[in-house]
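Undergrad: Dropping a structure here in structure tokens format, bear with me for questions.
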Amino acid sequence: MRSYLLIACLTTLVTVPRAAADKREQIAAELDRVQNRIRKLESQTREVPQELQNMESELREAMEEMEVRDFIGTKALNMLDQISKNQTDRLRRMRDRNEDEFFEVIVELVPWLEEMEEMQREDPEMFDLERKSHDLHFTCEQLADKAREAKPEARKRIKADLRQRITELFELRLKMRDLQIKRLETELAEVRRQVENMGNKQQEMIDRRMDQLLNTDDDW
């Protein structure tokens, strides 16, 4: 059973918004204190209470969880930084303000970031277009937020900027669709070529298959 001291310690770490570094320092300090108590008891050849052992185990798990969260968050931000620096800056500010909220957002982003990472390796051209599209989309959302809160004179200027960005985004997405169409046309042309080739060599392929079936178990 957890001690009341450990519950109070972990509850405080979870509920009070603090920087990740502060949380790590608190957990590390508490873990060090518990381990010192354990070492002292062991040096006196006294039995270490199960409650104290549980505290050490749970604090170790808390430290490991913090390290995993840091690793995922850092990797995600590094990847996102290649896509949208504006969004990365916003998430860094969120992490400083409330790490739990930051991590929830990162967890939602991870699958998409993994897809983008794979696209960057296998299809750099489409990755570049997707990256620009995402950044423009994020910029449009920011401008819309500013327009809603701005005074009339400023709102007019922001709306003009927003219209320009939306136009750029629309044209970029048209370019992406055009690229997809061209690739599909290329793929379709290759399939047609293969079908025509099979038709031209129909009798030859049938004869070869006859030989295969009569002599071996090979597939077509």
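Each reported figure results from applying straightforward, stated rules to the coordinates on display, with no laboratory input. As the structure is a computational prediction, the values presented were derived from the model and not from experiment. When we count neighbours, we look across all protein chains shown, and the Cβ atoms used for this are built from the backbone with ideal geometry, even at glycine.
Undergrad: Going by average Cβ density within 10 Å per residue, which order do the peptides 155-167, 176-188 take, highest to lowest?
TA: Ranked from most to least packed, the peptides come out as 155-167, 176-188.
Undergrad: Using the basic label-point model (7 angstrom from Cα toward the beta carbon), what is the Asp100 to Asp207 distance in nanometres?
TA: Taking the two extended label points, one gets 7.7 nm.
Undergrad: For Val107 and Lys156 in one chain, what is 0.36 nm times their gap in residues minus the Cα-Cα distance, to one decimal in nm?
TA: Answer, rounded to one decimal: 14.0 nm.
Undergrad: Between Asn54 and Phe170, with labels modelled 7 Å along Cα→Cβ, what's the label distance in nm to one decimal, could you check?
TA: 6.3 nm
Undergrad: Taking only pairs that are 8 or more places apart or on different chains, how many Lys pairs in the range 108-220 have Cα atoms under 16 angstrom apart?
TA: Numbers: Lys132/Lys175; Lys146/Lys156; Lys146/Lys159; Lys151/Lys159.
Eligible lysine pairs with Cα atoms under 16 Å apart amount to 4.
Undergrad: How big is the shadow of the Cα convex hull of the range 123-220, averaged over all directions, in nm²?
TA: Working: hull surface 38.9 nm².
Computing the convex hull of the Cα atoms and averaging its projections yields 9.7 nm².
Undergrad: Relative contact order for the range 123-220 using alpha-carbon pairs under 8 Å, separation at least 6, rounded to a whole percent?
TA: Averaging sequence separation for qualifying contacts and normalising by length gives 23 percent for the range 123-220.
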